[in-house]
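The values are calculated or read from the model by the stated rules, or taken from the named source; none is laboratory data. Please read these numbers as outputs of a predicted model, since none were measured by experiment. Please note: Cβ atoms are built from the backbone with ideal geometry, for glycine as well, and neighbour counts cover all protein chains shown.
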Amino acid sequence: MAQNLLQVTNLKVSADEKVILEGLDLTVNKGETHVLMGQNGAGKSTLGAAIMGSPAFTVEAGEILFDGQDITHQSPDVRAKAGVFLSFQTPEEVPGITLENFLRVAKGAVTGEPPRILPFRKALSAEMEELQMAPEYAKRDLNVGFSGGERKKSEVLQMLTLNPKLAILDETDSGLDVDAVRTVARGVREFRTDENALLIITHNAKLLEGMQIDKVHVLVGGKIATTGGPELVDLITKHGFCAIVDENGKCLMSGEDGGCAVGEVCEPAAMPGGAR
Amino acid sequence: MNAFDQEKTQIDDVDRSMYEQKGTMAPKFEVASGLTPEIIETISREKNDPDWMREFRLKSLETYKNTPLPSWGPSLDGLDIDNIVTYVRPDSNMEASWDDVPDEIKDTFEKLGIPEAERTSLAGVGAQYDSEVVYHNVREEVAAQGVVYTDMESALTGEYADLVKKHFMKLIPPTDHKFAALHGAVWSGGSFVYVPAGVKLDIPLQSYFRLNAKGAGQFEHTLIIVEKDAYLHFIEGCSAPKYNVANLHAGAVELYVAEGARLRYSTIENWSKNMYNLNTKRAVVEKGGAIEWVSGSFGSHTGCLYPMSILKGDDARMEFTGITFAGNGQELDTGAKVAHVGANTSSRISTKSISKDGGSSTFRSSVTVAPGAHGSKASVSCESLMLDSESRADTLPAMDIRNDDADIGHEAKIGRISEQAIFYLMSRGLSEDDAKAMIVSGFAEPISKELPLEYAVEMNNLIRLEMKGSIG
């Protein structure tokens, strides 16, 4: 139990009566970094949102245990207090409250104790410098008028400030230029300790550079089709999702370029472990 | 744990119970309910009116009887004017020291924080309890500059009697509408302010209206004259405890802004939710002068409030910043009116409204540009936020532009509170109530930052209070 942080069992999730996750199992232990890959529409973001408790999705079956606590039907704030964090793909604009004030309120809500203003401000500006965010962003309204890149940095800043046990990063690298991806990756690496864990949803190997990755999961049609080590990232980067095959060597996904079709056996021959 | 406790410090939490304390003191004098010439005569005698005022009242009563109820706006069916007590004199004289105000009344104002605010941040305070002003005081240094701040009754017979007579209900004649006529007949209390030419008051004057008697009306009259190149910030606060019969507030505010002068008029209206707030406010602005309205409407069962600015002189300006919060059972019809008469006049109306729990808020505005108001500019922007599907928001902007070189802009936005934004904030640990309160306060922020600090804090507290246990 000490090691086991997140345990998702047979999770079925739907939105607007459409089933998206069809009995998904996933276990993340403390001190691990997991990567979740898959084509658009495979259900990656849905999994992240469902673990956070988004009201946009309905849990039809299964359970989510977090740190020994059943959070399947808990509200998002209870999950946040338990230590779950989700970096949003498109964070909301909230006019009228500054990033700094928001984070101070959130920190107080998560820890149950309002942080003292000056030390908090100092820590925040240090983190912002680390993320190469201009100091004035602290005084700007939460995400209002932030560029795509600044929004993603603001999400990572929130993660660093709230210091959760499990951070789910939903395409935190999308929309970032090469340098910004490196900066964000550094922030994410800095966050990881033996006591917390990461679940990274990404298409981009750049974000994962220099990161110690424990497991890579490939999501197909609302289920984890295969799980492997960091080599899967290279494979998919090189061959696209065409590299993911079933036990008979047949493609589970068609490549983006239409190089092969689902169910087709294509060259080179299948590799062991469900991937070429 | 509360999201906004850290936001602004030094002010204690406000909860609604503060407003709900009913004073228990028996009034000294109360007229029978209803309206007859006899009752008007009684009020007039009781108040020692000059003759012209007694005649004015009787004439207004006649106008009232002959004027139909407005055929537009919220329903006034719940208001039985025959059963409204028009005049309630508290058992107190007008005092210049809180020590001399009867304990019962003083307690009420203490609970509302008025004497505290006077000590810390105001140049002068007036406090009205039911129909009469019970306290009036201006700082010595302010009085020494020639600023007059007194109750209307004293002004009517004192040194400024002629000035009052010259201006009284000239901007808002009793023939304007039925409740203006009613006001003319039964008005009582209110403030008279005179700021001499060139005097710029850097701290505000405040007036607080408290309607304590059950089933009564409050009809205070505020008359403010700001002379050439002078400046005044006047703050008006209103509250009442809730009774199960309708109360009526039909005050009148007349503001005269002279050439080059500027007047800022801030109101936080937090009447109880059995109140019909049918208030009329109007300003006339001479050449190069400016009127700035800041208006927060939170209370009342039904409200109709559209402060009007007449930009008479060339280059006169007006700004109206308003927020309305309509909760369960409330129908608040608010907005602003402006008439551009002088050339190169400009106006900006900017409002936000919030409705929840079946509350209904209507934004109503009227912009008129006269043929001679060449080069004038007007912009109207209103934004409505509905917190659930039971609530209602309407926008009724009217524009009448009579020349072809006016620059007119209008923008309206009506929307629901975003579920995704609530989820976002909750995912950072905020409870649902706190997340909603943060979104609503943020929505209101452009308005609240225009308010004096303690009112901004009160407004945020009111929002938070309204958000507690609201149905999402």
>> Please go through the stretch B:416-430 and give me each residue that is within 12 Å of chain A (Cβ to nearest Cβ) and closer than 21 Å to residue B:363 by Cα, ordered by number.
In response: B:417
>> Could you check the stretch A:19-58 and list, in sequence order, the residues that are buried (at least 21 other Cβ atoms within 10 Å of the Cβ), away from chain B (no Cβ under 14 Å) and of a type in the set (S, T, N, Q)?
In response: A:33
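What strands (runs of 3 or more DSSP E) completely inside the stretch A:12-86 contain at least 2 residues that are free of Cβ contacts under 8 Å to residues at least 24 places away in the same chain? Please lay out each step first, then the result.
On the way: elements: A:18-29, A:33-38, A:58-66.
Strands (runs of 3 or more DSSP E) meeting the threshold: A:18-29.
Does residue B:334 satisfy being under 28 Å from residue B:415 (Cβ atoms) and in a strand (DSSP E or B)? Even if it seems obvious, please write down each step before you answer.
Values: under 28 Å from residue B:415 (Cβ atoms): yes; in a strand (DSSP E or B): yes.
Yes; evaluated as a whole, the condition is true for this residue.
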>> Of all residues being under 16 Å from residue A:70 (Cβ atoms) and modelled with pLDDT under 95 in the stretch A:1-18, which is surrounded by the fewest Cβ atoms within 10 Å (Cβ to Cβ)? Just the residue, please.
In response: A:1
> Is it the case that some residue within the stretch A:100-110 is closer than 27 Å to residue A:28 by Cα, within 11 Å of chain B (Cβ to nearest Cβ), of a type in the set (D, E, K, R) and assigned to a helix (DSSP H, G or I)?
Replying inline: yes
> Can you tell me which residues in the stretch B:247-263 are among the acidic types (Asp, Glu) and farther than 15 Å from residue B:229 by Cα?
Replying inline: B:254
>> Could you go through the stretch B:298-305 and let me know if any residue there is surrounded by fewer than 24 Cβ atoms within 10 Å (Cβ to Cβ) and more than 21 Å from residue B:356 (Cβ to Cβ).
In response: no
>> Suppose the filter is in contact (Cβ under 8 Å) with a residue 12 or more places away in the chain, crowded, with 16+ Cβ neighbours inside 10 Å, in the same structural domain as residue B:316 (by TED's automatic domain parsing) and closer than 30 Å to residue B:467 by Cα; does residue B:365 pass it?
In response: yes
> Counting only residues that are within 30 Å of residue B:82 (Cβ to Cβ) and in contact with a Lys or Arg (Cβ under 8 Å, 6 or more places away or on another chain), how many does the stretch B:188-213 have?
Replying inline: 2
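Go through the residues of the stretch A:186-198 one by one and say whether even a single one is under 18 Å from residue A:88 (Cα atoms) and within 14 Å of another protein chain (Cβ to nearest Cβ).
Initial filter on the stretch A:186-198 (under 18 Å from residue A:88 (Cα atoms)): A:187-188, A:191, A:197-198.
Those left that are additionally within 14 Å of another protein chain (Cβ to nearest Cβ): none.
Checked against the condition, which is being under 18 Å from residue A:88 (Cα atoms) and within 14 Å of another protein chain (Cβ to nearest Cβ), the stretch A:186-198 yields no hits at all.
Say whether the condition of being within 11 Å of chain B (Cβ to nearest Cβ) and modelled with pLDDT under 95 is met by at least one residue in the stretch A:117-131. Give the derivation first.
If we filter the stretch A:117-131 for residues that are within 11 Å of chain B (Cβ to nearest Cβ), which is where we start, we get A:117, A:120.
Cutting the leftovers down to modelled with pLDDT under 95 gives us A:117.
Scanning the stretch A:117-131 turns up at least one residue that is within 11 Å of chain B (Cβ to nearest Cβ) and modelled with pLDDT under 95.
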> Does residue B:401 satisfy the condition of being more than 30 Å from residue A:111 (Cα to Cα) and within 11 Å of another protein chain (Cβ to nearest Cβ)?
Replying inline: no
> Do we find that residue B:343 is among the hydrophobic types (A, V, I, L, M, F, W, C), within 14 Å of chain A (Cβ to nearest Cβ) and farther than 18 Å from residue B:307 by Cβ in this structure?
Replying inline: no
>> Among the listed residues A:91, A:95, identify the single one that is within 8 Å of another protein chain (Cβ to nearest Cβ) and under 15 Å from residue A:168 (Cα atoms).
In response: A:91
>> Kindly evaluate residue A:200 against the criterion of being out of contact with any Ser or Thr (no Cβ under 6 Å at 6 or more places or on another chain), assigned by TED's automatic domain parsing to the domain that holds residue A:80 and buried (at least 16 other Cβ atoms within 10 Å of the Cβ).
In response: yes
>> Quick test for you: out of B:394, B:357, B:433, pick the one residue that is within 14 Å of chain A (Cβ to nearest Cβ), surrounded by fewer than 20 Cβ atoms within 10 Å (Cβ to Cβ) and under 22 Å from residue B:270 (Cα atoms).
In response: B:433
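Scan the stretch B:130-142 and tell me whether some residue there is within 17 Å of the chain's Cα centre (by Cα), buried (at least 24 other Cβ atoms within 10 Å of the Cβ), assigned by TED's automatic domain parsing to the domain that holds residue B:100 and not hydroxyl-bearing (Ser, Thr, Tyr). Steps first, please.
Residues of the stretch B:130-142 that are within 17 Å of the chain's Cα centre (by Cα), as a first pass: B:130-131, B:133.
Next, only the ones that are buried (at least 24 other Cβ atoms within 10 Å of the Cβ) stay: B:130-131, B:133.
Next cut, assigned by TED's automatic domain parsing to the domain that holds residue B:100 only: B:130-131, B:133.
Right, trim to not hydroxyl-bearing (Ser, Thr, Tyr) and you get B:130, B:133.
There is at least one residue in the stretch B:130-142 that is within 17 Å of the chain's Cα centre (by Cα), buried (at least 24 other Cβ atoms within 10 Å of the Cβ), assigned by TED's automatic domain parsing to the domain that holds residue B:100 and not hydroxyl-bearing (Ser, Thr, Tyr).
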>> So residue A:113 passes all but one of these: (1) modelled with pLDDT under 95; (2) over 22 Å from the mean Cα position of the chain (by Cα); (3) facing chain B (nearest Cβ under 8 Å). Which condition number does it fail?
In response: (3)
> Within the stretch B:94-103, is even one residue closer than 30 Å to residue B:62 by Cα, loosely packed, with under 14 Cβ neighbours inside 10 Å, assigned by TED's automatic domain parsing to the domain that holds residue B:270 and in contact (Cβ under 8 Å) with a residue 40 or more places away in the chain?
Replying inline: no
> Wholly within the stretch B:106-191, which helices (runs of 4 or more DSSP H) include no fewer than the required count, namely at least 2 residues that are free of Cβ contacts under 8 Å to residues at least 60 places away in the same chain?
Replying inline: B:114-121, B:140-144, B:161-167
